[in-house]
1. I'm told residue 266 meets every condition in (1) among the charged types (D, E, K, R); (2) surrounded by fewer than 16 Cβ atoms within 10 Å (Cβ to Cβ); (3) within 30 Å of residue 296 (Cα to Cα); (4) at pLDDT 90 or above except one. Can you identify the failing condition by its number?
2. How many residues are outside any helix (DSSP H, G or I) and exposed (fewer than 14 other Cβ atoms within 10 Å of the Cβ) when one looks only at region 90-143?
3. For region 301-310, check the following and say yes or no: at least one residue is out of contact with any Gly (no Cβ under 8 Å at 6 or more places or on another chain), at pLDDT below 90 and within 18 Å of residue 177 (Cβ to Cβ).
4. Does at least one position in region 6-16 carry a residue that is more than 27 Å from residue 117 (Cα to Cα), crowded, with 18+ Cβ neighbours inside 10 Å and of a type outside the set (A, V, I, L, M, F, W, C)?
5. Considering only residues that are over 19 Å from the mean Cα position of the chain (by Cα) and among the β-branched types (Val, Ile, Thr), look in region 1-36 and name the one that is farthest from residue 137 (Cα to Cα).
6. Output the qualifying pairs, or none if there are none: Cβ atoms under 9 angstrom, residues six or more apart or on different chains, first residue in region 8-35 and within 12 Å of residue 109 (Cβ to Cβ) and outside any strand (DSSP E or B), second residue of a type in the set (Asp, Glu) and modelled with pLDDT under 80.
7. For region 215-245, which residues satisfy the criterion of being outside any loop (DSSP other than H, G, I, E, B), out of contact with any helix residue (DSSP H, G or I) (no Cβ under 8 Å at 6 or more places or on another chain) and closer than 16 Å to residue 179 by Cα?
Amino acid sequence: MRKFHNILYVTNGTFDETEGLKQALKLAGSNRTTLHVLLVYPGLPKNQQEYTKTYEKYLTEQVNAALQETRVMLNMEHDRVSFHMVQGGGDIPPAIHVIRHVLRNAHDLVIKEAEPRKSGKGFRSIDMTLLRKCPCPVWLARPVTGSRGDTHVAVAVDPENREEAERALSLRLLELSRSMADNLGGSLSILSCWDYAFEQFLRYKAWTNVSEDELGHNIEETETDHFALLNTLIDDSGIGTAHQVHHMRGGPDTLIPEFVEKQGVDILVMGTVARTGIIGFLIGNTAENIVTEISCSLMALKPAGFTSPVKAY
């Protein structure tokens, strides 16, 4: 898998996080690096401060027990784990504590179990804040339904890049998804959506003189040009040919969640920031619509040059 040198696993120590720990330990092992574990926990009420040390001891034991259980599950006898604790609560949300820790310690990947949701789809507040504001890639883990060899990784890319940073991000997405599929012994699907934005306008405006033949030619030409750009992007990424390309007509915020559900995608890899050059530019509308509708794990990347609005200190 693409090399990560400073991986941070985030936990609150209060619910089952086996899947996230499995993925974090396996990834740290394959990258031959130390896994840093950050426990962010809420502070106790003022009238219960006397139990703080007992509470912290309990949480620490919970995390260590989960680590040991996961090591046994993965048959990992030796791994390097560095453990840190940060007390949350007060006026600072837990996600901000995490982002500050990332900035202070130059982590290049955050792995976290996705917060449970009754609907099973989308992500809760802390996860969405990480997607919006964390400067490094964020992997929000959910259970993988298939066994090793059946894991389905999908990556969403747009070959119509307006800036060089967007093209560079698309190449990183392809490279990372390829290495994830290889590391998990699974399959890779490349998703890209296109459309002809002027079809409805040209087809239903009586005063236009565009024939059905000309309109059909324009639509076909748009599809062909977009597909050619996509193939060029894939070729330039150097990921080889062991993948399936799904060139879909329509809006990505509708088609990608539908594909994820119908095709049993386990991990979706995608970019989450619409533009570069703006400090803390929020998650793009299309990306936001996609992540609120998926029930699989998510690996989210931001373009080079993204600056978090959160300060290290």
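1. For residue 266, the exception is condition (2).
2. Residues that pass the stated criteria total 10.
3. Within region 301-310, one or more residues are out of contact with any Gly (no Cβ under 8 Å at 6 or more places or on another chain), at pLDDT below 90 and within 18 Å of residue 177 (Cβ to Cβ).
4. no
5. For region 1-36, the residue satisfying everything is 14.
6. Here the result reads 28/79, each pair linking region 8-35 to a residue that is of a type in the set (Asp, Glu) and modelled with pLDDT under 80.
7. Listed by number, the residues that qualify are 235, 244.
Residues are listed down the side, and each one gets a yes or a no for (1) at positive phi; (2) in contact with a strand residue (DSSP E or B) (Cβ under 8 Å, 6 or more places away or on another chain); (3) of a type in the set (Asp, Glu):
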site: 33; (1), (2), (3): no, yes, no
site: 36; (1), (2), (3): no, yes, no
site: 41; (1), (2), (3): no, yes, no
site: 50; (1), (2), (3): no, no, yes
site: 54; (1), (2), (3): no, no, no
site: 57; (1), (2), (3): no, no, no
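The values are calculated or read from the model by the stated rules, or taken from the named source; none is laboratory data. As the structure is a prediction and not an experimental result, all values here were calculated from the model. Note that we place each Cβ from the backbone using ideal geometry, even for glycine, and neighbour counts take in every protein chain shown.
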